[in-house]
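Everything on this sheet refers to the single structure shown next.
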Amino acid sequence: MAKAQPKLVLAPAKGIPFNQLVLSQSNVRRVKNGVSIEQLAADIERRGLLQSLSVRPVLDEQGNETGRFQVPAGGRRFGALEMLVRRKRLASDALVPCIVKPADAAISAEEDSYAENTHREALHPLDEFRGMKMLVEQGDGIEDVAARFHVTPAVVRQRLKLASVSPALHEVYAADGMSLEQLMAFTVCDDHARQEQVWELVQSHHNQSAHFIRARLNESTVPARDPRALFVGIDAYVAGGGCVLRDLFEEDRGGWLQDAALLDRLVLEKLGAEAERIGSQGWKWVEAVIDLPYGFAHGLRRIEPLHTPPTQEDLTEVESLHAQAQALEDEWANADEIPDTVDAQITALDERIAQLAGGSWSYDPAEMAIAGVFVTINRTGALEVEAGWVRTEDEPLVAPDPDMEGADDREREPVAAGQDCSADAGSAEADGAGARASAEGEATEEDEEGLKPLPDRLVCELTAERTLALQDALAGNPAIAFAAVLHNFVLACFYHGRTESCLTLSLNKVGFAVQPSGMQHSLAARAIEARHAMWKEQLPRSDKELWDALLLLDAGAQAELFAHCAAYSVNALFEVAPKYDNGRISAHMVERRLAHANVLARGVCLDLVAAGWTPTAENFFGKVTKARILEAVTEGRGAETAALIDHLKKPDMAREAERLMADAGWLPEPLRTPELPAQAELLEVSEGAALPAFLTVSGEGADSGGISLAIAAE
């Protein structure tokens, strides 16, 4: 029969005066690691010694106990106690709880020291998170907890945020079902149900990165860098009851605003206040919009502000400010660094100088009474004011010429081009029946009343002959014909409401009744706007000076200006034709229009990818069916990639398709330029084809009435 194992006997614990303890050389710890001695001393000072020292009696040469004890295990605690004694925070003979082991124990002191440092286990991170949360819930401040455990307050906040994640996800993390980085991603959302929903999505998804988790949790929020958020300000949004989600572990550029509806309301309220302030200046109307659409000024005429030069008082102040700025710059010229206050002072002086030296700009009150202002925000979140726009219905009526007030109404009324004058002829015959009876009477009447204006009928006949001759002459002078068409186009594009042209052709600028949000910020829109502003700066203010100004342009400039104006008339829009013919649009007309748009696109080598268009959930994937999304991904990335997202719900599929197709260079069919049938190629000028003679040779030999005109193309 086997003997029973003897029961374990634990070494007794007793209090030993600190001055009877000495540090043993058997301690295996030699390298500093972890909490410093000073931090440990501060912790013992606060809460006392939590763990006893392991000690053994010190023997003399004869093997007798000396009354002193060596400390092979607990050297760092001994060092911390020693520091407290030196600081007189602990008495030198204070009792220290110790576990006393025999000097001749079978287990060596070195093994005890090694075992004590090896068999310890740090807290699981989840226990650390929960522990800090419990301390704060007990009433301890974040700064206090940070100071006690020698970390920064930011670290404590991170731990508290991790502790606030759904308990269900905590269990997954504790079982090594997710990484710490993934758990950190869930802290951007406080909704436990939404966290668990996204985790369920991640389990069946090929992309399980923290970035993907954050994106799914923030899909219905507004980034703090959004122009609307920048315009309102985070403080105003929070004061209005909004909540901002922050990521304590990643750079979040200000976080995410949860309540988009509240944000839009605050934006409109602030814009409305600005509109009310601007409207009080005398404008007829002020319209506040968050997203000013592209082409908002279509059909509107802009009035120009008046410049008032600086007064003598302003110029005197400018000189004084210049002297102050120069004195500051001289004072700090040799300094290694200019203080912020001085730099701000110099900047303020420079801004004031620019304001005074530039004079002031204002609008004529009479013009303001018929014009209005658009108030919106730009891409940086700053207030943007588009002032001085006159609507067609607000244009003033042209007053009759006072020189014609005494003339006969029939003779004073202008006759439209092409108007039949036969009725006037008959009327003239009837009215003059009595006058024709006596030629002498007519002559006497003319002598008495002087010369009368020519009859309208006669003017019609004479101008008809002149018009026909002018048409024939213009047809024989391509350079002047080009200039005339260019003049007509420029009037339509840059001089709203002006029709001082004898050409009956018209350039109709295409409007966009249906357009995606933010189209005014696209690369094409910004390029057109910049080009228009450049030409507007070069053209004369008065349309009456336009013709001479156009003649002074060289051939290249004429061609560029012509192309800029002609481009406004391009209409490659798809329209839904009504079921019944309305006389304006039909399916056949739309089809022919788009066919020619393809011809034009080939001619200019149109590339929507190079123009900056890329498919996103907002502009394409979120507006089509799942089948269309999968078809697009298959075309752009292949069937294997499409199979990765075919199980997702529509919103998630759209967002994943956006990520997968970001740099695929794929375009939906309406944005492509298809190969055209051979007959359409007849409409296309091939790259190597010769240009017409009037666009390639000098116009000196043309019969242009002695006018030297640059050829309008190269």
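The values are calculated or read from the model by the stated rules, or taken from the named source; none is laboratory data. These figures come from a predicted structure and were not determined experimentally. Because the Cβ atoms are built from the backbone with ideal geometry, glycine has one as well, and the counts that use them run over all protein chains shown. We work out accessible area using only protein heavy atoms, side chains counted, and drop any ligands, DNA or RNA first. Shrake-Rupley method; radii C 1.70, N 1.55, O 1.52, S 1.80 Å.
For the stretch 635-671, name all the residues that are open to solvent by less than 60 Å² (accessible area, probe 1.4 Å), in a helix (DSSP H, G or I) and touching a residue at least 12 places away in the same chain (Cβ under 8 Å). Walk me through how you get there before you give the answer.
So the first thing to find is which residues in the stretch 635-671 are open to solvent by less than 60 Å² (accessible area, probe 1.4 Å), and the list is 636, 638, 641-643, 645, 648, 652-657, 660-661, 664-668, 671.
The next check asks that each one be in a helix (DSSP H, G or I); those that pass are 636, 641-643, 652-657, 660, 671.
Matches in the stretch 635-671: 636, 641, 642, 652, 653, 654, 655, 656, 657, 660, 671.
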Say whether the condition of being assigned to a helix (DSSP H, G or I), surrounded by 15 or more Cβ atoms within 10 Å (Cβ to Cβ) and in contact with a Cys (Cβ under 7 Å, 6 or more places away or on another chain) is met by at least one residue in the stretch 201-211. no
Looking only at the stretch 593-629, which residues are assigned to a helix (DSSP H, G or I) and within 29 Å of the chain's Cα centre (by Cα)? 601, 621, 622, 623, 626, 628, 629
Take the conditions acidic (Asp, Glu) and under 23 Å from residue 215 (Cα atoms) and apply them to residue 663. Does it pass? yes
Complete set of residues in the stretch 317-360 that are at pLDDT 90 or above and among the β-branched types (Val, Ile, Thr): none
From 254, 282, residue being closer than 30 Å to residue 190 by Cα, among the small types (Gly, Ala, Ser) and in a loop (DSSP other than H, G, I, E, B): 254
For the stretch 18-118, list the strands (runs of 3 or more DSSP E) that sit wholly inside it and hold at least 2 residues that are touching a Phe, Trp or Tyr at 6+ places or on another chain (Cβ under 9 Å) and of a type outside the set (Gly, Ala, Ser); which are they? 21-23, 53-59, 95-100
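Confirm whether residue 590 is assigned to a helix (DSSP H, G or I), modelled with pLDDT under 80 and not hydroxyl-bearing (Ser, Thr, Tyr). Explain how you work it out, then say what you get.
Details: assigned to a helix (DSSP H, G or I): yes; modelled with pLDDT under 80: yes; not hydroxyl-bearing (Ser, Thr, Tyr): yes.
In short, yes.
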Looking for something hydroxyl-bearing (Ser, Thr, Tyr) and either touching a residue at least 40 places away in the same chain (Cβ under 8 Å) or over 24 Å from residue 516 (Cα atoms) (or both) - is there at least one such residue anywhere in the stretch 618-630? no
Every residue from the stretch 139-158 that is open to solvent by less than 10 Å² (accessible area, probe 1.4 Å) and of a type in the set (S, T, N, Q): none
When every residue in the stretch 18-44 that is touching a strand residue (DSSP E or B) at 6+ places or on another chain (Cβ under 6 Å) and modelled with pLDDT of 85 or more is compared, the one nearest to residue 75 (Cα to Cα) is 23
Reported set for the stretch 101-130 where residues are within 19 Å of residue 52 (Cβ to Cβ) and either buried (at least 17 other Cβ atoms within 10 Å of the Cβ) or touching a Cys at 6+ places or on another chain (Cβ under 9 Å) (or both) is 101, 109, 112, 113, 114, 116
May I ask you to list the residues in the stretch 243-257 that are surrounded by 15 or more Cβ atoms within 10 Å (Cβ to Cβ) and either more than 21 Å from residue 180 (Cα to Cα) or touching a Phe, Trp or Tyr at 6+ places or on another chain (Cβ under 6 Å) (or both)? 244, 245, 254, 256, 257
The correct count of residues that are crowded, with 18+ Cβ neighbours inside 10 Å and among the polar types (S, T, N, Q) in the stretch 167-200 is 3
Report every pair of residues separated by at least 6 positions or lying on different chains whose Cβ atoms are under 7 Å apart, first residue within the stretch 258-284 and small (Gly, Ala, Ser), second loosely packed, with under 14 Cβ neighbours inside 10 Å. 282/365; 282/369
Can you name the residue in the stretch 260-287 that is surrounded by fewer than 18 Cβ atoms within 10 Å (Cβ to Cβ) and within 30 Å of residue 183 (Cα to Cα) and, of all such residues, is modelled with the highest pLDDT? 262
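Within the stretch 575-598, is there a residue that is among the small types (Gly, Ala, Ser), touching a residue at least 40 places away in the same chain (Cβ under 8 Å), closer than 19 Å to residue 488 by Cα and open to solvent by 30 Å² or more (accessible area, probe 1.4 Å)? Reasoning before the result, please.
Step one: list which residues in the stretch 575-598 are among the small types (Gly, Ala, Ser), which gives 577, 583, 586-587, 595, 597.
If we keep only those that are touching a residue at least 40 places away in the same chain (Cβ under 8 Å) too, we end up with 595.
Next cut, closer than 19 Å to residue 488 by Cα only: none.
The answer is no; no qualifying residue exists.
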Can you tell me how many residues within the stretch 489-542 are open to solvent by 50 Å² or more (accessible area, probe 1.4 Å), in contact with an Asp or Glu (Cβ under 8 Å, 6 or more places away or on another chain) and free of Cβ contacts under 8 Å to residues at least 60 places away in the same chain? 2
Scanning for something farther than 14 Å from residue 256 by Cα and among the basic types (Lys, Arg), does the stretch 226-240 turn up at least one residue? no
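What is the residue count in the stretch 480-535 for residues that are within 30 Å of residue 467 (Cα to Cα) and in a helix (DSSP H, G or I)? Give the derivation first.
At the first step, the residues of the stretch 480-535 found to be within 30 Å of residue 467 (Cα to Cα) are 480-509.
Within this subset, residues satisfying the condition of being in a helix (DSSP H, G or I) are 480-494.
Adding up the residues that qualify gives 15.
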Going through 161, 133 one at a time, which residue ends up being closer than 21 Å to residue 247 by Cβ, touching a helix residue (DSSP H, G or I) at 6+ places or on another chain (Cβ under 6 Å) and open to solvent by 50 Å² or more (accessible area, probe 1.4 Å)? 133
